[in-house]
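The values are calculated or read from the model by the stated rules, or taken from the named source; none is laboratory data. On a predicted model such as this, the values are computed, not experimentally measured, just so you know. Ideal geometry is used to build each Cβ from the backbone, glycine not excepted, and the neighbour counts take in all protein chains shown.
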Amino acid sequence: MFVPFKKLQAKVLAANHDHVTAGHVGMDKTTELVSRHYYWRGIAQTVQRYVKSCLLCQRMKSNNQKPAGLLQPLPVPDHNWEHVSLDLIGPLPTTLNGFDCIVTVVDKLSKMGHFIATTTTVDAPSLAKLMMSNIFRLHGFPKALISDRDARFTSEYWKQFIDALGIASHMSTAFHPETDGQTERMNRTIEEMLRSYVNDKHDNWDELLPYLELAYNNSRQASHKFTPYFLNHGTHPFVPAKQHLERARERQREYANKSRRHVEFKVGDRVYLSTENLKLPGPSRKLQERRIGPFTISKVLSPVTYKLTLPNEMQIHATFHVKLLHPFVESPEEFGERVTVELPPIGYARGDGIYLVDYVFGRKWDTIVGKSRPEWFYHVAWLGYSLEEATWEPRRQLLGIKDLIDEYDAAHPLRRGEATLPPWPTVNSKKKKNIKEPTKKK
């Protein structure tokens, strides 16, 4: 049957694509299904535009294309210990000395590493002391510190600490830890070395760390063809190391980009966000939406990193790698008002970078590193994290959980001689931290 009018064509397409008996199949199958009984000039192109702009397909269907975003390696530094990566390995079996965690610190140019035994309960102030006594006193202060979004590295204390030292913080984007791939590889190497020498009880690995650190730093690195120890203590120039690193970086880029495709967005574009890293309600992830949105891109941070404008109820970090984004395709006017099945709203779980407060269980009068005036801090337990990962946060940053703080203060009155509690800032205060109170537990 020949269908000359666009309104009739849209109805035919809706019946052969949107209807439950059509199943929202792809372009080729929809074209074949429509062509069985209907015809008009440019039918294949019309079907392609219709299916491509289907809102339900954009949200629900898996993406069979190569991951978006070409590899963007971090720049190679000019000198040793300019760029340093930091991570923690744990929990490990507790040693006789009480350690159950390793702090790994790696120089990005020479690849020299330091392995420091500690505990999984180490907080930001203690971690700062470890860095000062084991790293900074030997190598000076780096220009940049690369880490993941561990609660210790996103705490107010840690931010004040590195800011006072003039160190820039580079953190991996949400759900994309490849930013700190060097330290992840180092962690695997340490674990492999420990397996070879640890005793049967696995309680002496902390005593092996100095020997394994020397062994690692005395082994040649494939990226620059030198040993880290030689590059830090030898007399040869550092230029060959950088040249080898740049060549290795180019080989890495070429290899990685073989399985990737270039995708570029600009400010104002609307995109869907992948749900692969989001915890959504429902009995089965298999039948949940593949993508949610669309959301508007508010800032282009790099060729592969974008910041989205997210609703306030989404307690997740707003910066995402391009491989988690999918372009939103507007339905053309030629198809008229298309009926779209509205799905019920979903709840958004906490993501890396922004945290929900579980409860408050402590208060102290203290001073931030680099500041002269003391202020009130509260011991905050974070939803989804163990009690050992609780942090001390300044009162002025906790306006978002004012009710929780007021409840704690009412239950724990100030003792005689203690400093008075300051009034809460006004709603229009610019220094309002995005920390919120979760739904009350049943």
Would you check if His326 is assigned to a loop (DSSP other than H, G, I, E, B), outside the structural domain of Phe377 (by TED's automatic domain parsing) and either modelled with pLDDT of 75 or more or surrounded by 16 or more Cβ atoms within 10 Å (Cβ to Cβ) (or both)? no
Count - residues of segment 77-132 that are small (Gly, Ala, Ser) and in contact with a Lys or Arg (Cβ under 8 Å, 6 or more places away or on another chain): 2
Hey, can you tell me all the residues within segment 196-217 that are surrounded by 13 or more Cβ atoms within 10 Å (Cβ to Cβ), of a type outside the set (A, V, I, L, M) and not in a helix (DSSP H, G or I)? His202, Asp203, Asn204
Of (1) closer than 18 Å to Pro91 by Cα; (2) over 22 Å from the mean Cα position of the chain (by Cα), Val105 satisfies every one except (2)
Please indicate, with yes or no, whether at least one residue in segment 220-235 is within 30 Å of Ile297 (Cα to Cα), crowded, with 16+ Cβ neighbours inside 10 Å and either of a type in the set (Lys, Arg) or at pLDDT below 80 (or both). no
Anything in segment 1-35 that is touching a Leu at 6+ places or on another chain (Cβ under 8 Å) and not in a helix (DSSP H, G or I)? List them, or say none. Ala22, His24, Val25
Of the residues that make up segment 345-362, is at least one loosely packed, with under 14 Cβ neighbours inside 10 Å and modelled with pLDDT of 80 or more? yes
Taking the criterion of being in contact (Cβ under 8 Å) with a residue 60 or more places away in the chain and surrounded by 20 or more Cβ atoms within 10 Å (Cβ to Cβ), would at least one residue in segment 157-167 satisfy it? yes
Flagged in segment 1-13 as surrounded by fewer than 17 Cβ atoms within 10 Å (Cβ to Cβ) and either without any contact (Cβ under 8 Å) to a residue 60 or more places away in the chain or under 27 Å from Tyr272 (Cα atoms) (or both), in numbering order, are Met1, Phe2, Pro4, Phe5, Leu8, Lys11
Cβ pairs under 6 Å, 6+ apart or interchain, first in segment 388-402 and assigned by TED's automatic domain parsing to the domain that holds Gly362 and closer than 22 Å to Pro91 by Cα, second among the polar types (S, T, N, Q) and surrounded by 18 or more Cβ atoms within 10 Å (Cβ to Cβ), ordered by first then second residue, are Thr391/Ser155
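Every residue, every condition in (1) at pLDDT 75 or above; (2) part of a loop (DSSP other than H, G, I, E, B); (3) under 27 Å from the mean Cα position of the chain (by Cα); (4) among the polar types (S, T, N, Q), yes or no:
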site: His37; (1), (2), (3), (4): yes, yes, no, no
site: Gln48; (1), (2), (3), (4): yes, no, no, yes
site: Val51; (1), (2), (3), (4): yes, no, no, no
site: Leu56; (1), (2), (3), (4): yes, no, no, no
site: Asn63; (1), (2), (3), (4): no, yes, yes, yes
site: Gln72; (1), (2), (3), (4): no, yes, yes, yes
site: Pro75; (1), (2), (3), (4): no, yes, yes, no
site: His79; (1), (2), (3), (4): yes, yes, no, no
site: Val84; (1), (2), (3), (4): yes, no, yes, no
Tally the residues that are part of a helix (DSSP H, G or I) and either closer than 17 Å to Pro394 by Cβ or under 34 Å from the mean Cα position of the chain (by Cα) (or both), restricting the search to segment 405-420. 5
